[in-house]
Amino acid sequence: MSWVLENLDLIAARTGSHLLQALPPILVALALSLPLAKLANSQGWLRTGVTTTSGLLYAIPSLPLFVLLPGIIGTSVRSPLNIAIALSLYGLALMVPAASDAFRSVSRDVLSSATAQGYAPTARFFQVELPLAGPVLLAGVRVVAVSTISLVTVGGVLGVPSLGMLFVDGFRRGIIAEIAAGVVLTAVLAVLTDALLVLLGRALMPWTRQRSVRRP
Amino acid sequence: MIGFENVRKEYPGGTLAVEDFSLEIASHESVVLVGTSGSGKTTLMRMINRMVDPTSGRITIDGDDVASLDPVRLRRSVGYVMQASGLLPHRTVLDNITTVPVLRGISKRDARTRAHELMETVGLEAALAVRYPAQLSGGQQQRVGVARGLAADPNILLMDEPFGAVDPIVRGELQQELMHLQRDLKKTIVFVTHDIDEAFLIGDRVVILRPGCVVAQIGTPQEILADPADDFVASFVGADRGTRSLHVERVDGRDIVVDADGRAAGVLTAHAAARSGPAGETPS
């Protein structure tokens, strides 16, 4: 415990860089998954292809990917960019099928009714289809966020600073408190992010809160 | 005025939805397209606001070919009420009603003032304005649907089985209120249903369609009942079944209208009895 108190600065710095590495891939995965999912949904065979590819992509073990990626894209082994790209790929692998399901969950009748009311295609997407896909999208983002936050730790093995580095370093030097700090803080970060996303969802999608108050 | 001129609709793959359909609908008239599923009645109606474009033929509104109009703008000028109301589940009742006026660029404030008036017109309590559609009963949702269809004060109101998803009692109320509204508003209404009773109730004229969108008969409800064009129409309107084949029986000095199965349908009043004359004197 004394190790934790003596190294609060280090822990704070690792937590900060952990978050900085986790956030961009989550956002990239969300942003890219929307057009990819729309595209996939436009053709039956494409959707099957995308879903299968996503599954295969997620099956690639993370550590080899982190190691191989520099060779493929020409970055240095310790570049945070490797982690960002690898995590974005994993995020996409989870998020594209989720987004595809999200758009499919929107009622055709509601969309057709929106068109009949005079929504232009772009306005219909942003004002009707996207918000209505929101609950299923959010479910996907929550999984991606938690998974990304935990995957960032793998970079610690390669010497990229993150909470993962705490337990890699702790193992090497036999400091139990450091290992525990790394593990516990990663979990806490994941849980807090998830809770934040739930609250954000409630704020952005007020209609999902009130379902239960159904009138006879 | 709405005109259909030799309209044909073929879907890719060769499905022929509409073969050759022509009809003129006068302004302020309510016309009901009625037929079984697969009769193409909804397809016909959706051609008016270009939700469906015909393969050949023309649809005109006040003489303008709709194909020459911008579809988005056209749809904002035509009221549309659909089955299960088609409300936006993520918008409150008030925001649903103001959808079209807001799309047309009317200020939110003015649109809301009008929406509150409309809620009263269609019989919705003001307190429901902040609710979401899922929090309303089926009948309330349909009322919101009607209010939304009327919100931009369109000349034309398209209604696609608007009361199909509610129970018979509520449906009856909604039908009566629609007729009441129409007496004041005098919209041009095109109404699609598979329910012949609803068609006869709401339509100034009724178009009975066979499968494949072939017109079986066009006329006022009275004309169709008095002189069904053929066996298909007679069977469709139920003239050959019990409920429409009525006769009068005299019971305790009063004329009771009885259907073919012997079920009492009502009492012949003095006014009607006087007109029908000897009918009351000829029990079965």
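Residues checked against (1) assigned to a loop (DSSP other than H, G, I, E, B); (2) of a type in the set (Asp, Glu); (3) within 22 Å of B:Met47 (Cβ to Cβ):
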{"residue": "B:Ala147", "(1), (2), (3)": "no, no, no"}
{"residue": "B:Ala152", "(1), (2), (3)": "yes, no, yes"}
{"residue": "B:Met159", "(1), (2), (3)": "no, no, yes"}
{"residue": "B:Gly164", "(1), (2), (3)": "yes, no, yes"}
{"residue": "B:Gly172", "(1), (2), (3)": "no, no, no"}
{"residue": "B:Gln176", "(1), (2), (3)": "no, no, no"}
{"residue": "B:His180", "(1), (2), (3)": "no, no, no"}
{"residue": "B:Arg183", "(1), (2), (3)": "no, no, no"}
{"residue": "B:Phe191", "(1), (2), (3)": "no, no, yes"}
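Scan region B:137-162 for residues that are surrounded by 19 or more Cβ atoms within 10 Å (Cβ to Cβ) and at the interface with another protein chain (Cβ under 10 Å from one of its Cβ atoms) and the total you get is 8. Please determine, by comparing only the residues of region B:94-114 that are open to solvent by 50 Å² or more (accessible area, probe 1.4 Å) and within 13 Å of B:Ala129 (Cβ to Cβ), which one is nearest to the chain's Cα centre (by Cα). Among residues in region B:94-114 that are open to solvent by 50 Å² or more (accessible area, probe 1.4 Å) and within 13 Å of B:Ala129 (Cβ to Cβ), the one nearest to the chain's Cα centre (by Cα) is B:Arg114. Right, B:Arg91: in contact with a Phe, Trp or Tyr (Cβ under 9 Å, 6 or more places away or on another chain), at the interface with chain A (Cβ under 8 Å from one of its Cβ atoms), surrounded by fewer than 21 Cβ atoms within 10 Å (Cβ to Cβ) and not polar (S, T, N, Q) or not? So B:Arg91 passes the test. State yes or no: is A:Asn41 open to solvent by 40 Å² or more (accessible area, probe 1.4 Å), over 22 Å from A:Asp194 (Cα atoms) and touching a residue at least 12 places away in the same chain (Cβ under 8 Å)? Judged against the criteria, A:Asn41 is a match. When the helices (runs of 4 or more DSSP H) confined to region B:47-114 are screened for residues that are farther than 16 Å from B:Pro154 by Cα, those reaching at least 1 such residues are found at B:93-97.
Yes/no per residue for (1) over 20 Å from B:Pro162 (Cβ atoms); (2) at pLDDT 95 or above:
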residue	(1), (2)
B:Val72	yes, yes
B:Gly86	no, no
B:Val93	no, yes
B:Ser107	yes, no
B:Thr121	no, no
B:Gln142	no, no
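Could you check, for region B:23-43, whether at least one of its residues is closer than 27 Å to B:Val166 by Cβ, assigned to a loop (DSSP other than H, G, I, E, B), open to solvent by 20 Å² or more (accessible area, probe 1.4 Å) and within 14 Å of chain A (Cβ to nearest Cβ)? Within region B:23-43, none of the residues are closer than 27 Å to B:Val166 by Cβ, assigned to a loop (DSSP other than H, G, I, E, B), open to solvent by 20 Å² or more (accessible area, probe 1.4 Å) and within 14 Å of chain A (Cβ to nearest Cβ). Looking only at region A:30-63, which residues are among the aliphatic types (A, V, I, L, M) and either over 17 Å from the mean Cα position of the chain (by Cα) or at pLDDT below 85 (or both)? Answer for region A:30-63, where residues must be among the aliphatic types (A, V, I, L, M) and either over 17 Å from the mean Cα position of the chain (by Cα) or at pLDDT below 85 (or both): A:Leu39, A:Ala40, A:Leu46, A:Val50, A:Leu56, A:Leu57, A:Ala59, A:Ile60, A:Leu63. Hey, any hits in region B:65-82 for a residue that's in contact (Cβ under 8 Å) with a residue 12 or more places away in the chain, more than 8 Å from every other protein chain (Cβ to nearest Cβ) and more than 23 Å from the chain's Cα centre (by Cα)? Yes: one or more hits.
Note on region A:64-92: residues that are closer than 17 Å to A:Gly156 by Cβ, surrounded by fewer than 18 Cβ atoms within 10 Å (Cβ to Cβ) and of a type in the set (A, V, I, L, M, F, W, C) amount to 3.
Condition check ((1) open to solvent by 80 Å² or more (accessible area, probe 1.4 Å); (2) away from chain B (no Cβ under 14 Å); (3) farther than 24 Å from A:Leu5 by Cα) across all residues:
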| position | (1), (2), (3) |
| --- | --- |
| A:Val146 | no, yes, yes |
| A:Pro161 | no, yes, no |
| A:Phe167 | no, yes, no |
| A:Gly170 | no, yes, no |
| A:Ala180 | no, yes, no |
| A:Ala187 | no, yes, no |
| A:Asp194 | no, yes, yes |
| A:Pro206 | no, no, yes |
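You will find that of B:Ala129, B:Ala165, B:Ala134, the residue that is surrounded by fewer than 20 Cβ atoms within 10 Å (Cβ to Cβ), over 13 Å from the mean Cα position of the chain (by Cα) and modelled with pLDDT under 90 is B:Ala165 and no other.
When B:Thr188, B:Thr193, B:Thr121 are screened for being touching a residue at least 40 places away in the same chain (Cβ under 8 Å) and closer than 20 Å to A:Ser113 by Cβ, only B:Thr193 passes. Can you say whether B:Ala134 is within 11 Å of another protein chain (Cβ to nearest Cβ) and assigned to a helix (DSSP H, G or I), as far as the supplied structure shows? Yes. Condition check for B:Leu103 on (1) within 20 Å of B:Gly145 (Cβ to Cβ); (2) in contact (Cβ under 8 Å) with a residue 40 or more places away in the chain; (3) among the aliphatic types (A, V, I, L, M): one failure, at (2).
There is at least one residue in region B:64-75 that is more than 19 Å from B:Glu10 (Cβ to Cβ), open to solvent by 30 Å² or more (accessible area, probe 1.4 Å) and of a type in the set (Gly, Ala, Ser). Residues that are more than 8 Å from chain B (Cβ to nearest Cβ) and open to solvent by less than 30 Å² (accessible area, probe 1.4 Å) within region A:100-122 comprise A:Ser100, A:Ala102, A:Phe103, A:Val106, A:Leu111, listed in sequence order.
The values are calculated or read from the model by the stated rules, or taken from the named source; none is laboratory data. Every value quoted in this text rests on a predicted model; they were computed, and no experiment measured them. Neighbour counts run over all protein chains shown; Cβ positions are idealised from the backbone, glycine included. These accessible areas exclude ligands, DNA and RNA; they are computed on the full protein's heavy atoms, side chains included. Shrake-Rupley method; radii C 1.70, N 1.55, O 1.52, S 1.80 Å.
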